[in-house]
1. So how much accessible area does residue 573 have, in Å² to the nearest 10, using a 1.4 Å probe?
2. Report, to the nearest whole %, how much of the accessible area of the chain belongs to carbon and sulfur atoms, 1.4 Å probe, protein only.
3. Does anything in the range 691-733 have its amide N under 18 Å from the 7 Å Cα→Cβ label point of residue 757, and if so which residues?
4. Between residue 87 and residue 907, with labels modelled 7 Å along Cα→Cβ, what's the label distance in nm to one decimal, could you check?
5. When you take every Cα atom in the range 748-867, what is the radius of gyration, and what is Dmax, the widest Cα pair distance, in Å?
6. By how many degrees, between 0 and 90 and to the nearest 10, does the Cα long axis of helix 443-455 differ from the longest principal axis of the chain?
7. Given an 8 Å cut-off on Cα distances and at least 6 residues of separation, report the relative contact order of the range 748-867 as a percent.
8. Quickly rank 629-636, 561-568, 786-793 as a protection proxy: mean count of other C-beta atoms within 10 Å, highest first.
Amino acid sequence: MATALEMDLGGTAWTFHCTSPVASFNVQLPSSIPAVVPGCVHLDLQNAGLIKDVKWRDNETTLYWVAECDWEYRREFDVDAGLLACDKVILSCKGLDTLATVLVNGRPVISADNMFRTWTADVKHLLNPEEGGSSKNNRIQVTFRSTVPFMAEKQKEKALIASNANREEYRGAGWIRKEPASYGWDWGCAAPTFGIWRPIKLHGFKTAWLESIHITHPEITEVAVRMDPDTGTTTYSPPASVPICIEVELGSLCEKALDDTKLAVQIERLMRDGSGVKVLADEFELDAVLPKSLRANTSQQSTESYGAVDDVSSLAGEGNKGASEEASASGPYKGEALEQMTPKHVKKSNGRLEVDLEKPELWWPNGTGLGQTLYRVTVSLVSKATSEILSRCQKRVGLRTLKLVREKDEWGESFGFEINGVKIFAKGANWIPADIYLPRLTPEKYRALLQSAADVGMNMIRAWGGGLYEHPEFYDACDELGILVWQEFVYACSTYPVHDRAWLANCEEEAIEAVRALRHHACLALWCGNNELEQGYVGDTWTATTMPWDQYKHLFDVLLKDVVEKHDGRTSYWPSSPHTPLGGDKGRQDANDPRSGDAHCWDVWHGGKPFEVQRSWRHRFVSEFGFQSFPEPRTVAEYTLPEDHNVSSYVMDFRQRSVGRGNRAIFENLLEWFQMPRDFAECLWMSQLTQALCIQFAAEHLRRQQPQTEGVLYWQLNDEWPAPTWSSLDYRGRWKALHYFARRFFSRVLITGLEDVAKGTVEVHLSNHELIPVSGEVTWRLTDAAGTELKSGSETVTDAPSQANACVTTLDFSAALAKYGPRDLLVWLEWRDRREQARELWRHVADVGESYASRNLVLFARPKHLKLLKDPKITVKVESAASDGSLLLTLNSEHPALWVRLEIDDTKLPPLVTDRDDRPKLPGTPDRGAKIEAAATEEREKDEDIVLFEDNFFHLDGREPVTTLYRGRLTREVVTRALKATAVNMTWDP
């Protein structure tokens with residue numbers, strides 16, 4: 001039986017038009033334009049052919065006018081008899097971006113001023129009179145006002161700074177509860193848009209319903225982790241049972257409405273295919289959960305939201321609580337009369353029930369080898385008289401106890417995470433909005449990006465505070481993949497009008513809704529108040545660049561913390577990133593104090609210091625650091641013309657948003673480490689190698705410092721558009737060199753070498769992130785640059801401790817350095833876990849993330865100065881590998897070949913054609929007039945897979961082969977013809 005009646009108002013029945021004069025922008029628009037909801041103005045204009053793609057060359061500059069106009073969306077709809085018969089028909093707008101008025105049949109019902117809140121109204125009494133049991137020809141209008149004049153007016157009241165807004169008109173973005181990065185950032189474009197960006201629906205409710213459920217359990221800390229001696233895998237002993245507490249919030253229209261109801265609870269263990277295995281089912285009389293004496297005896301006006309409208313028949317997202325039919329006091333339409341609602345009253349009641357879950361399976365982060373078991377909990381409000389399900393809430397939960405551990409120690413105060421009583425080292429990256437236009441994001445794109453993060457061993461993502469509270473699919477994917485989420489409230493690099501009571505009340509409602517929506521996710525690791533406000537945006541008084549500490553603390557030390565404690569209750573809160581808790585208010589002003597808290601380390605990129613400075617870091621947890629690179633040639637070709645293919649061309653400079661450093665910083669460091677690339681394509685590739693080397697320096701050092709350092713999150717994982725940025729995945733999701741490097745430096749067991757050229761020594765370190773001690777063998781070889789072995793040896797390692805680093809040995813190469821010099825020596829390191837002997841897979845580069853093998857290379861000189869042979873004589877053997885079509889690639893060389901890059905040579909495939917505006921025609925995109933030969937197109941389309949190779953940018957030592965997989969869709973014959981393997985020493989001209 002259906003749990004509640006619902007009508008989705010999204011789809012293609014909408015139209016929109018501009019309500020502002022556009023003649024001054026030299027723009028002509030039709031009076032009615034087709035629209036898609038959820039969506040946004042820019043996408044609808046682009047789909048109608050009225051604006052150009054913002055991603056193409058410098059089209060961004062032609063689209064600024066869109067943000068300065070007002071827009072109106074409208075559609076008609078009918079309501080069927082079943083929905084109309086409900087006691088309440090609730091209009092629920094999950095996302096209105098941002099200053100919006102909603103009218104139903106010409107009467108205003110919602111005035112919105114926050115894109116992160118859900119806005120609701122009871123509209124039953126506004127629907128057209130019943131005709132034959134249904135309501136016909138109802139009309140909904142949603143008007144969006146430009147934020148630009150609103151910000152300008154508010155700036156007169158109090159001028160705020162938004163340091164990363166790309167245009168002067170957007171400097172007042174702190175006044176608007178809208179995605180800050182939509183106004184531009186130092187990696188993205190400025191395209192603030194409008195629209196109904198999340199679902200809009202009608203929900204029908206009868207006399208009683210579930211508002212929300214909150215699922216908790218006692219701490220789980222006494223878990224024994226061990227290695228299975230037969231399989232070599234990690235296992236654990238879970239508790240015999242776990243008591244599950246379910247807090248329920250119910251709504252009703254009258255005091256007796258709940259008398260004839262009961263609660264039904266079902267818990268299922270979810271399988272990989274999404275199906276569920278029932279592990280518990282029970283029913284509870286309501287009097288046992290919520291005695292009459294404790295039920296609400298006071299009524300609330302129907303301006304309360306209806307939390308259950310988004311729990312009903314849905315696994316994703318908690319009921320949203322921030323909405324009201326009344327105008328927000330801080331809204332843009334203050335004083336505008338909204339339609340008065342029918343004077344029904346809502347009663348709220350809260351109850352609690354407990355069940356015991358026998359033989360539970362726990363949830364663990366990625367990289368532990370212990371799995372991410374999830375349970376689906378369904379609570380239904382059922383009529384005892386008819387057995388009708390009046391309302392139902394569902395949640396997916398994982399059983400785990402996750403803590404932020406802060407303890408005094410010899411270095412100051414620790415900062416690290418503990419799962420089920422086991423400490424873990426956080427490894428990951430920072431997440432930014434994955435598209436300029438948020439409605440374009442799909443569950444498939446979220447999954448692909450996060451899968452790429454999991455595939456290289458990441459166990460944490462920092463959802464950065466300049467973006468948004470992501471779509472439910474983001475958190476669902478993190479739950480399934482075992483990726484912990486450091487979630488920030490949406491405040492970044494700005495001052496904020498905390499003195500404005502209405503603005504502050506709006507923020508509080510936003511926070512409550514966000515916390516209630518995400519609190520049940522197993523992946524949720526931390527709530528953080530903001531990004532970088534304590535790093536220069538707070539001072540003693542209001543200035544042009546700072547807000548006062550007392551106002552700052554009211555929001556970030558008190559209000560948001562209280563919301564988290566009241567509505568979540570189990571997730572730690574951290575006021576800012578970076579933040580220093582030691583030393584009180586005075587110590588707090590040094591946000592990156594290495595003794596405690598987390599740190600943003602930008603010594604290299606913004607400070608202009610060499611890569612080696614990262615080895616001096618002593619921070620407890622590094623939550624930001626990074627270096628830029630360009631996307632690969634395939635991606636650059638998608639937003640440029642051939643005439644743009646010079647790194648200092650107008651278009652390439654236009655896409656660089658890190659003003660002051662930008663491309664200059666890329667090439668300063670590139671030329672410090674590598675020789676001058678021979679052409680445009682090699683400039684792009686070598687920028688990626690430079691970026692990867694920089695992050696490798698830091699990541700390996702920080703792992704060697706454990707437990708002084710307990711986490712490393714580089715900036716950044718992904719992109720919102722194709723451009724030179726700090727990402728390891730470009731806009732298309734293609735892996736840059738850094739992402740392949742991450743697979744190695746985030747492996748569970750990592751071998752590294754720390755060279756001392758002056759002493760002629762190399763310290764060999766083993767970093768073990770398994771949950772158990774590991775044993776195996778470290779082998780090393782010293783060769784000259786031609787690959788001739790000069791010296792070798794091995795060390796047996798027994799029970800290298802878990803979650804720790806150990807210096808295995810110190811190698812003395814002083815004599816060899818004196819004889820051959822630093823330019824002619826290479827030190828090859830390898831770790832073999834004893835378990836790998838049973839698997840016989842350690843030689844596969846693709847397996848390094850599994851800890852069975854780890855390889856590394858130590859140099860005594862810059863790569864550009866090494867005496868490497870120009871032709872290392874690389875050979876590649878291509879074989880069929882599996883039924884999925886993947887191909888096994890075996891590479892060998894006669895001499896050392898460093899950072900071997902695999903790619904498909906476009907010149908060996910049919911050429912791309914172009915469309916009528918000379919833009920390259922890409923497979924799968926609409927044909928805008930060009931005639932394409934079918935055979936060429938088909939072969940090209942097969943090369944559009946995002947991740948073509950299991951691993952890339954690896955070393956060949958001139959002796960041992962390396963195997964990896966090609967996972968694209970090209971045939972063995974085509975790959976054999978078009979595969980190109982290029983070592984860095986092959987790319988430099990004499």
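The values are calculated or read from the model by the stated rules, or taken from the named source; none is laboratory data. The structure displayed is predicted, hence computed values, not measured ones. Cβ atoms come from the backbone with ideal geometry, glycine included; neighbour counts cover every protein chain shown. The area values use the complete protein model at the heavy-atom level, side chains included, leaving out ligands, DNA and RNA. Shrake-Rupley method; radii C 1.70, N 1.55, O 1.52, S 1.80 Å.
1. Result for residue 573: roughly 40 Å² accessible.
2. On the way: 17300 of 35790 Å².
Whole-percent figure for carbon plus sulfur exposure: 48.
3. 693-694, 697-698
4. Inter-label distance under the simple model: 7.6 nm.
5. 14.8, 43
6. Here the helix axis deviates by roughly 40 degrees.
7. Values: 269 pairs, mean separation 38.4, N = 120.
Here the relative contact order equals 32 percent.
8. Values: 629-636: 22.6, 561-568: 17.2, 786-793: 14.1.
Going by the mean number of other Cβ atoms within 10 Å, highest first, we get 629-636, 561-568, 786-793.
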